[in-house]
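The structure under discussion appears below in the form of structure tokens.
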Amino acid sequence: MEELAENQTSLNEFILVGFSYLAEWQILLFLFFLLMYITALVGNMLIILLVKLNHSLQTPMYFFLVNLSFLEIGYTTSVVPQMLAHLLTKHKSISKARCAAQMYAFTILGLTECCLLAAMAYDRYVAICHPLHYTVIMNHQVCTKLAAAAWIICFLVQVAQTAWIFSLPFCGSQHIQHFFCDILPVVKTACTDTYKNEIAVMAVTITFIMSPFLLIILSYVRIISTILKLPSAEQRRKAFSTCSSHLMVVTLFFGSGLFTYLMPKSKYTSQSDQMSALMYTVVTPVLNPIIYTLRNKEVQKAYKKTIARVFSPQNPTS
């Protein structure tokens with residue numbers, strides 16, 4: 001018993017197995033993920049700068065989009081740099097404290113993004129279903145409160161859950177079958193009954209992932225119903241175009257997230273978990289700025305205007 005207690009308390013680091021089974025591809029994977037990470041950072045920073053520099057984009061939709069871009073930067077940064085470092089080293093260890101910090105950051109930002117995407121769906125619902133009251137309902141104070149509530153509530157919930165997870169005794173194998181400290185792979189390394197923790201994870205998943213997703217679905221049911229009643233095809237096209245970018249982002253983010261956290265245990269494998277995690281930690285932060293840039297004429301116009309302002313020759317007489 002004394003030896004077991006010593007093993008439980010002495011486990012102060014984990015080994016992130018990650019992509020060790022692809023040993024011959026480590027350098028290539030490093031270069032690929034580095035390129036994806038830089039693209040995600042540049043793309044999201046570009047969105048933030050465009051919104052801040054163009055008065056035409058100072059609307060609730062772009063206020064939420066700036067928040068989303070900040071989240072994406074933090075979200076991918078909480079995971080990818082550690083993964084890149086481990087692709088270049090043989091000893092893929094992470095201390096218990098750093099593992100907890102990574103889980104804090106990743107889960108807080110992830111849950112906040114779910115709530116923020118729901119707020120963006122509500123914004124589109126008000127804009128299309130109640131256009132005459134849009135500026136009154138979605139004023140700056142309401143937008144700020146919605147964003148602040150998402151950040152604060154998710155922060156408090158995940159601080160409590162992560163602290164509870166890392167109060168568990170860890171012993172035996174210190175290998176985590178993942179490329180970062182995600183909740184379920186870490187819980188699997190605990191040497192005690194984790195049933196209550198798994199129930200808590202499911203409760204948080206239902207409250208902060210499934211509930212926002214259902215709210216988004218309900219919003220779009222009303223939005224689509226309203227759009228189909230518009231008299232002209234041009235009006236319907238314009239209305240759909242204002243929602244298409246957000247709908248694509250929602251599909252990418254929630255699709256991969258729900259696949260990971262609601263997958264039956266009988267079909268769970270570490271490889272499938274890693275592939276779906278790559279979607280919402282690497283691929284989605286890269287694609288979101290591209291989607292909002294390529295499919296949004298307002299953003300394209302603001303981009304051209306900003307480029308012209310930066311590179312146009314100064315008038316010497318002015």
Members of region 215-247 that are aliphatic (A, V, I, L, M) and open to solvent by less than 20 Å² (accessible area, probe 1.4 Å): Ile216, Ile223, Ile227, Ala239
Any pair with Cβ under 8 angstrom, 6 or more apart, that starts in region 25-47 at a residue that is under 12 Å from Thr284 (Cα atoms) and ends at one that is open to solvent by 100 Å² or more (accessible area, probe 1.4 Å) and assigned to a helix (DSSP H, G or I): Asn44/Phe70
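Just the residues that are closer than 19 Å to Tyr104 by Cα and of a type in the set (Ser, Thr, Tyr), please, taken from region 70-89.
Tyr75, Thr76, Thr77, Ser78
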Some residue of region 127-143 being in contact (Cβ under 8 Å) with a residue 24 or more places away in the chain, of a type in the set (Gly, Ala, Ser), in a helix (DSSP H, G or I) and surrounded by fewer than 20 Cβ atoms within 10 Å (Cβ to Cβ): no
Inter-residue pairs, beta-carbon under 9 Å, first farther than 18 Å from Leu156 by Cα and in region 201-220, second crowded, with 20+ Cβ neighbours inside 10 Å and among the basic types (Lys, Arg), 6+ apart: Ser219/Arg124; Tyr220/Arg124
Among the candidates Leu34, Leu41, residue that is crowded, with 16+ Cβ neighbours inside 10 Å, modelled with pLDDT of 90 or more and either out of contact with any Cys (no Cβ under 9 Å at 6 or more places or on another chain) or outside any helix (DSSP H, G or I) (or both): Leu41
Some residue of region 70-81 being open to solvent by less than 30 Å² (accessible area, probe 1.4 Å), closer than 25 Å to Trp164 by Cα and outside any helix (DSSP H, G or I): yes
Test for Ile153: is it in contact (Cβ under 8 Å) with a residue 24 or more places away in the chain, among the β-branched types (Val, Ile, Thr) and more than 30 Å from Leu29 (Cβ to Cβ): yes
Of all residues making up region 205-236, the number that are part of a helix (DSSP H, G or I) and out of contact with any helix residue (DSSP H, G or I) (no Cβ under 6 Å at 6 or more places or on another chain): 15
Complete set of residues in region 160-200 that are assigned to a helix (DSSP H, G or I), open to solvent by 70 Å² or more (accessible area, probe 1.4 Å), without any contact (Cβ under 8 Å) to a residue 12 or more places away in the chain and not charged (D, E, K, R): Tyr195, Ile199
Contacts under 6 angstrom Cβ, first residue in region 84-110 being more than 15 Å from Ile165 (Cα to Cα), partner polar (S, T, N, Q), 6 or more apart: Leu87/Gln26
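Taking the criterion of being within 16 Å of Phe254 (Cβ to Cβ) and either among the polar types (S, T, N, Q) or open to solvent by less than 40 Å² (accessible area, probe 1.4 Å) (or both), would at least one residue in region 102-109 satisfy it?
Checked region 102-109: at least one residue is within 16 Å of Phe254 (Cβ to Cβ) and either among the polar types (S, T, N, Q) or open to solvent by less than 40 Å² (accessible area, probe 1.4 Å) (or both).
The values are calculated or read from the model by the stated rules, or taken from the named source; none is laboratory data. Remember, it's a predicted structure, so these values are computed and weren't measured experimentally. Glycine gets a Cβ as well: all are built from the backbone with ideal geometry, and neighbour counts include every protein chain shown. In case anyone asks, the SASA skips ligands and DNA or RNA and just uses the protein heavy atoms, side chains included. Shrake-Rupley method; radii C 1.70, N 1.55, O 1.52, S 1.80 Å.
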